[in-house]
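Q: One structure, as structure tokens, below. Some questions next.
We did not get these values from a lab; they are worked out from the coordinates using the rules stated. As the structure is a computational prediction, the values presented were derived from the model and not from experiment. Every residue, glycine among them, receives a Cβ derived from its backbone with ideal geometry; neighbour counts consider all protein chains shown.
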Amino acid sequence: MSDRAPARKLGPLAVILLAIPCVAVLAVPWFNTDQPELFGMPFFYWWQLLWVPLSSLFIGIVYKMVSSGSGD
């Protein structure tokens, strides 16, 4: 048998926090532009790169929300 705790359901806030990065990088028509540039890099590329650490932050927040109070 497994000693793992049963999976917990995500609340609406957690689902929204996980959906934000998905929408931010998949809604290409909103950010498909060259301007403004950052260090010579077009907006399209630095917007995508910006969301790599931001996505990790959002996922970490949801993880803490779900794992807190689990009694471990």
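Q: Can you classify the stretch 25-67 as rounded, prolate or oblate using the Cα gyration tensor, where a ≥ b ≥ c are the square roots of its eigenvalues, rounded means a/c under 1.5, and otherwise it's prolate if a/b beats b/c and oblate if not? Could you put the intermediate results ahead of the total?
A: On the way: a/c = 5.43, a/b = 2.40, b/c = 2.26.
Prolate, since a/c reaches 1.5 and a/b exceeds b/c.
Q: Continuing with this model, one more query. For Rg and Dmax of the Cα atoms in Å, the listed values are [x] 11.6, 38; [y] 17.0, 56; [z] 20.5, 66; which was obtained by calculation from the structure presented?
A: Evaluating Rg and Dmax of the Cα atoms in Å on these atoms matches [y].
Q: Right, next: Excluding A14 itself, calculate the net charge of residues whose Cβ lies under 15 Å from the Cβ of A14, where each Lys or Arg counts +1 and each Asp or Glu counts -1. List each step's numbers first, then the result.
A: On the way: positive: R8, K9, K64; negative: none.
Taking every Cβ under 15 Å from that of A14, the sum is +3.
Q: Can you tell me the length gained on complete extension of the stretch S55 to S67, counting 0.36 nm per residue apart and subtracting the Cα distance? Mind showing how you got there, number by number?
A: Details: separation 12, 0.36 × 12 = 4.32 nm, distance 1.80 nm.
This chain segment gains 2.5 nm when fully extended.
Q: Right, here's the next one. Any chance you could give the angle, 0 to 90 degrees and rounded to 10, that helix 12-26 forms with the longest Cα principal axis of the chain?
A: 30
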